[in-house]
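Q: Encoded as structure tokens, here's the structure I'll be asking about.
Values quoted throughout were computed directly from the atomic coordinates according to the rules given, and no laboratory measurement underlies them. Small disclaimer: the values here were computed from a predicted structure and weren't measured. As a convention, Cβ positions derive from the backbone with ideal geometry for all residues, glycine included, and neighbour counts pool all protein chains shown.
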Amino acid sequence: MPNTIISLSRFLNFNAREKKQKSLTMMENEKLPLVSITVPVHNASAWISECLKSVLHQTYLGPMELCIYNDASSDDSMEILNEMKDLFDSRGIKVKVTGHSGEPKGVGFAKNQAIAMGSGDYLCFLDADDVMHPDRVSCQLQAAQLDPRAIVGCKFHRKPEGSTERFSQWANRLCPHQLYTQAYTSHGPTVIMPTWFCHRNVVESVGGFHEGGKGVPEDLIFFYAHLCGGGTLTRVDKDLLMYRYHPECATFSVKEETIWDKRVAFLEQEVLKKWDHFSIWNAGKQGRKLFRSLSRTSQSKVTMFCDVDERKISKKYYIYENSPEVPKPKVPIVYFTEVKPPIIICIKMDLSGNFEQNLSSLRLKEGRDFIHFN
């Protein structure tokens, strides 16, 4: 009998401690911020089930809400969502859904509507064709709390495996300062849009996404406006997202020249207007195209092109024959060892022979002595 009493006493004490611990855990969870997971949807029935299940599997213990805007889907995306609503309710995740029929209004519009639906202080962006790692919200929230002005990204992998391999390697290998110094390259935002997580104030300070519709790079426009307004960038160095690659991606609707014009304008505003002079590395097609795209003020600051191709160097000068200027702009072409920084580099990394070795031999500092524009 005494052993029974002792065992019962221990059980009651353990049960009381367990209840107290659960109560404390609930109180701690209530203090965690509400995260709004925003999902723009347009004809995503092939992927949306897998996408939404990744929200259900999040390890974040605080409150979450799922804000979905249906941009005139003509498939059964919304039927799939409705079938899953009970699962979200059972996990305590509130689902908010709205949308419109007729003609699609574009990704920027749908994102803005999804953001406006939510009430969380923090926003987790999720495309309907992507899948989150269970730790995504908890890891990125921690980073966003450390820097409320930041767009927070993360590493990612593509599906199918190996698609856009060069792009993925570039994005995942960027070190913290390169998130800024390589923001002018053709790859787009250095913090990849599908991985974005931020405080709601970040979106409000920019004014939301451009709603120009199909063919408008709303993520790049937002990204540049964020940086111009003094916003910061950071990245969680963990693979927290499966970023799907397929022919229906909205990215494919944006023309290369549209991206080019945005990049040139950003380069001039954030870099070239602060420099008294600069050189262009590449006297070939891309370097000459950049020169022709610049304003007359920026063109006048170009002191030389540099290259390694003897045929180009032997010409001694590049003359912009179609320039309205009189006389025509005439810029010297020199061997790369004679180039004078600062330099705008128009060479594609990892694809141009000994370029990286040649650049390294000059012992220059990225961001101060050179900027990548490739």
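Q: Can you give the angle from 0 to 90° between the axis of helix 107-117 and the longest principal axis of the chain, with both taken from C-alpha atoms, to the nearest 10?
A: It is inclined by approximately 30 degrees.
Q: Within the stretch 35-104, which trypsin sites (Lys or Arg not before Pro) sit in a loop by DSSP and count at most 14 neighbouring Cβ atoms inside 10 Å?
A: 91
Q: Another question, then. Return 146, 66, 227 ranked ascending by Cβ neighbour count within 10 Å, so the fewest neighbours appear first.
A: Lowest to highest Cβ neighbour count: 146, 227, 66.
Q: Suppose the chain between residue 349 and residue 72 were pulled fully straight at 0.36 nm per residue; how much longer would it get relative to their current alpha carbon spacing?
A: Answer, rounded to one decimal: 95.7 nm.
Q: Ok, one more. State the answer as a single residue: which of 39, 72, 189 lies farthest towards the positive end of the charge dipole of the stretch 27-256, with beta carbon charges of +1 for Lys and Arg and -1 for Asp and Glu, about the Cα centre.
A: Projecting each Cα onto the dipole axis, the largest value belongs to 189.
Q: Report the extension gain between residue 303 and residue 103 in nm, rounded to one decimal, defined as 0.36 nm multiplied by the number of residues separating them, less their alpha carbon distance.
A: 67.0 nm
Q: Rounded to the nearest 500, what is the 222 nm mean residue ellipticity of the chain from helices alone, with -39500 (n - 2.57) per DSSP H run of 4+ residues and division by all residues?
A: The helix contribution divided over the chain gives -11500 deg cm²/dmol.
Q: Placing unit charges on C-beta atoms (Lys and Arg positive, Asp and Glu negative, everything else neutral), compute the dipole magnitude of the stretch 79-156 about its Cα centre in debye, rounded to 20.
A: Dipole of the stretch 79-156, to the nearest 20 debye: 280 debye.
Q: Dipole magnitude of the chain about its Cα centre, charges +1 at Lys/Arg Cβ and -1 at Asp/Glu Cβ only, in debye to the nearest 20?
A: Here the size comes out at about 1220 debye.
Q: Using θ = phi - 60° and the Karplus form 6.51 cos²θ - 1.76 cosθ + 1.60, what ³J(HN,Hα) does each residue of the stretch 227-236 get, whole Hz, x for Gly and Pro?
A: The phi angles translate into 5, 4, x, x, x, 10, 10, 8, 9, 7 Hz.
Q: Please list the equivalent ellipsoid semi-axes of the stretch 267-311, computed as the square roots of five times the alpha-carbon gyration tensor eigenvalues, in descending order and whole angstrom.
A: 20, 11, 8
Q: Out of 82, 43, 201, any idea which swings most in a Gaussian network model of the chain, alpha carbons joined below 10 Å?
A: Among 82, 43, 201, the largest GNM mean-square fluctuation belongs to 82.
Q: Of all GluC sites (Glu not before Pro) in the stretch 297-336, which ones are in loop regions per DSSP and have a Cβ with at most 16 other Cβ atoms within 10 Å?
A: 321, 325
Q: Now for a different question. With N residues in the stretch 255-337, what two-decimal value do you get for its Cα radius of gyration over 2.2 N^0.38 Å?
A: For the stretch 255-337, the normalised Cα radius of gyration is 1.09.
Q: Right, next: Go through 157, 82, 341 and say which Cα lies farthest out towards the positive end of the charge dipole of the chain; charges sit on Cβ, +1 for Lys and Arg, -1 for Asp and Glu.
A: 341
Q: Which residue, chosen from 168, 48, 216, occupies the Cα position most advanced towards the positive end of the dipole of the chain, where the dipole is computed from +1 (Lys, Arg) and -1 (Asp, Glu) charges on Cβ about the Cα centre?
A: 168
Q: Just how large is the dipole of the stretch 274-372 about the Cα centre, in debye to the nearest 20, putting +1 at every Lys and Arg Cβ and -1 at every Asp and Glu Cβ?
A: It works out to roughly 320 debye.
Q: Could you work out, for the chain, what percent of all Cα-Cα pairs fall into each 10 Å distance bin, beginning at 0 Å and stopping at the bin that holds the largest distance?
A: For the chain, the pair-distance distribution reads 5, 21, 26, 19, 14, 9, 4, 2, 1, 0, 0.
Q: Sticking with this structure for a sec: For the stretch 101-255, what is one quarter of the convex hull surface built on the Cα atoms, given in nm²?
A: For the stretch 101-255, the mean projected area of the Cα convex hull comes to 9.1 nm².
Q: Still on this structure, I have one more. Using alpha-carbon pairs under 8 Å, 6+ residues apart, how would you state the relative contact order of the stretch 27-256 in percent?
A: 25
Q: While we're here: Report for the chain the percent antiparallel among DSSP-assigned beta bridges with both residues inside it, nearest 5.
A: 20
Q: Set the bar at 29 Å for Cα to Cα. Now go through 255/315; 315/348; 53/255 and name every pair that lies beyond it.
A: Too far apart for the 29 Å limit: 255/315; 53/255.
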